[in-house]
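What follows draws every value from the coordinates through simple rules; no lab data is involved. Please read all numbers here as calculations on a predicted model, not as lab measurements. Note that each Cβ is placed from the backbone with ideal geometry, even for glycine, and that neighbours are counted across all protein chains shown.
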Amino acid sequence: MLLAYDLGIYLVLGILIVGFYPSYVEKLGFWDVVTNILVGLLCIFLPRLAIGIYNYIWRYAGAEEFINLIFADIIGLVLFLAVGRIIPQPLTFIHTVSLVAFNLLINISLRLVYVYIYRQRSSNAFAEQWALQLLRLFTGVNFHMETPTNADRRIKIAIVGAGSIGAMLAEELQGNPKAPYQVVCFVDVNQEKTGRNILGIRVLGEGVNLHSQMEALGVQEVVIALPNASPETKQQMYDLYRGYGYRVKAYDYPTIENGANSRPQMREFNIEELLFRREETFVEEKTKAWYRGRRVLITGGGGSIGSELARQVAHMEPELLVLLDIYENGVYDIQQELKFKYGDKLKLQVEIANVCDRSAMEAIFATYRPDIVLHAAAHKHVPLMEHNCCEAVRNNVFGTLTTVETSEKYGVKRFIMISTDKAVNPTNVMGATKRVCEMIVQSRTGSGTSFSATRFGNVLGSNGSVIPLFRRMIENGGPVTITDKRIIRYFMTIPEASQLVLTSGAMASNGELYVLDMGKPVKIIELAERMIRMAGREPYKDIDIVEIGLRPGEKLYEELLIRGENIGNTDNKMIFIERDKPLSREEMDGRIEILREALVSGSDDELRQALKRVLPTYRSPEEVNRNAEHAEEMKTLAQ
């Protein structure tokens, strides 16, 4: 149908310009007029057909389709001028250019009107009626009414960010008659855009009158379409628009960095985005090359950290990746994920075993002969380990010792242990056992295996962490319980932590204890309040926050990892090294024997006393919490 319109338009223009335009020195005869019009028709429409102009669905046309149409007609003009030289009575240059140019102008205008009408057909019922009639006239297609029955109830939104991403979102919503959102304005800090229109939508500037202008337009929700904004900027915007009473959402647009499986989506903000951390990629090509072609074994491979380590290592093209875990469900999930993503490109094996089982560990190491061991297997829940001291020591300390000794026996090149900030001056059994594990790793000098440990704080979204716990409490209507309103913690995303572990492991030589920069501490009560607001509720009004008291072994703050005279820099700005004088292997063996004898007794109290003998820095939480207000960490947060 569109081809017929274009042909009709061309023929009318050809008759007017070629037959009647009175500018020839010698008037063309009838057959000369016909010849020139037919030659022009062939020269214009053959390139269009060759490029596929009439295969486009013009109702969805963008810049590319119009540029291709222009390009086709430029080729047609050149052909027309060339072929015209051999016609007995050719057109003049001005006639040829005029015919092609006016034809192209009308064709583009026709298509733009078509696109505009198609997009306007859902603005209201009256507009739809005349729009459908014009569409039928233009195309011969009998379009159906697509206006949703609840068109008058569409949510009116303001898009923050009048750039390319925001414009694409607005265009997408305008072109979808069943979209539940109606864009009524943009908001942008760029004064050059303020007061102008994008796609017929007004751009507002940030200022004192912003809220009143948004109210006048009936804005109900705000969508932030600034994917590259820093966490600080996102928090400021979130707080601003939430303060106005609007529901605030984020708009994600797929990029190469986001991955091939990402897609455009409007979603609720994640609390992880508002914790003052910009998630970065730290793994350099040098680190990737170090793991490439190696045989890597990950203990605790089904856990939060172990699973992410598996994802990162799989991307580095190892010769073999072995995931070891005692809990089959978690490791099965990551196995299926990696199989689906990599298929036969990744040689992957899963072993179900306990790191405390020496015979099982030796069989696995003898079978796969790993080059690198990433030791993430551990019990990590502080209150549970306070109540199960014997199991904490058995699994964390002696499981690590078994893995270390097995690694040495079977010629592992590098052993990297995952540790925690709770190992710094520990006040609980879990932290104490992890500090003993660090000491074991630091003492293993003089063997063919290079040992190191990497220490970091809480990871966002890990199993059993505070954010999923708060989210469940909020979904259940509250209350949200916190142990103490003064408590602070450091947070890092799982991908960040895993990448830094792998980077530190690649730079290790022997016996190093690496610590990660965890950024700024977060007050847990403020985290709870923010999560409640993000759920559209008001703290203490809709959902209460209840203080239940510190749990056994819990202290108000975790100590800064990168403070002190013993901390040195590395080539990576996020990784530091603690120059702690290690014990000799003989001294460490003596301390391990103290724990072994206490473990045989089966008494949690006796084993707790043994930990204090082994670790002079192990103190009671009550002692630390009494003087918490004087701690540098608490003062830093107050500032």
Worksheet item: Quick one: length gained pulling residue 551 to residue 42 fully straight, 0.36 nm per residue minus the C-alpha distance?
Response: 174.7 nm
Worksheet item: Tally Lys/Arg at +1 and Asp/Glu at -1 over every other residue whose Cβ is under 14 Å from the Cβ of residue 109; what's the total?
Response: -1
Practice prompt. For residue 216 and residue 106, compute 0.36 nm times the residue count separating them, minus their Cα-Cα distance, and round to one decimal in nm.
Written response: 35.7 nm
Worksheet item: residue 483 to residue 579: extension gain in nm, 0.36 nm per residue of separation minus the Cα-Cα distance?
Response: 31.2 nm
Practice prompt. Amide H neighbours of residue 181 under 5 Å, at least 5 residues apart or on other chains, H built in the peptide plane: list them.
Written response: 155
Item to complete: Anything over 22 Å Cα to Cα? Flag those among 380/409; 380/612; 286/581; 288/380, in the order listed.
Response: 380/409; 286/581; 288/380
Practice prompt. Label segment 151-269 by shape, choosing from rounded, prolate and oblate, from the square roots a ≥ b ≥ c of the eigenvalues of the Cα gyration tensor; if a/c is under 1.5 it is rounded, and otherwise prolate applies when a/b is larger than b/c, oblate when it is not.
Written response: rounded
Fill in: Förster-model FRET efficiency, 56 Å R0, residue 596 and residue 286, C-beta, rounded to 0.05
0.85
Fill in: Relative exposure of 402, 503, judged by other C-beta atoms within 10 Å (fewest first)
402, 503
Worksheet item: Say each of residue 362 and residue 190 gets a label point 7 Å from the Cα, pointing the same way as Cα to Cβ; how far apart are those two points in nm?
Response: 6.8 nm
Item to complete: Report the relative contact order of segment 345-457, percent, no decimals, based on alpha-carbon pairs under 8 angstrom and at least 6 residues apart.
Response: 28 percent
Response to the item:
Net charge (Lys, Arg +1; Asp, Glu -1) of residues whose beta-carbon lies under 12 Å from that of residue 44, residue 44 excluded, is -1
Worksheet item: At a Förster distance of 56 Å, what's the computed FRET efficiency of residue 81 paired with residue 337, Cβ-Cβ distance as r, to 0.05?
Response: 0.40
Item to complete: For an R0 of 30 angstrom, estimate the FRET efficiency from the Cβ-Cβ distance between residue 469 and residue 517 and round to the nearest 0.05.
Response: 0.70
Worksheet item: Can you list the lysines whose alpha carbon is less than 29 Å from that of residue 234, not counting same-chain residues fewer than 8 positions off?
Response: 156, 193, 249, 485, 520, 523, 541, 573, 635
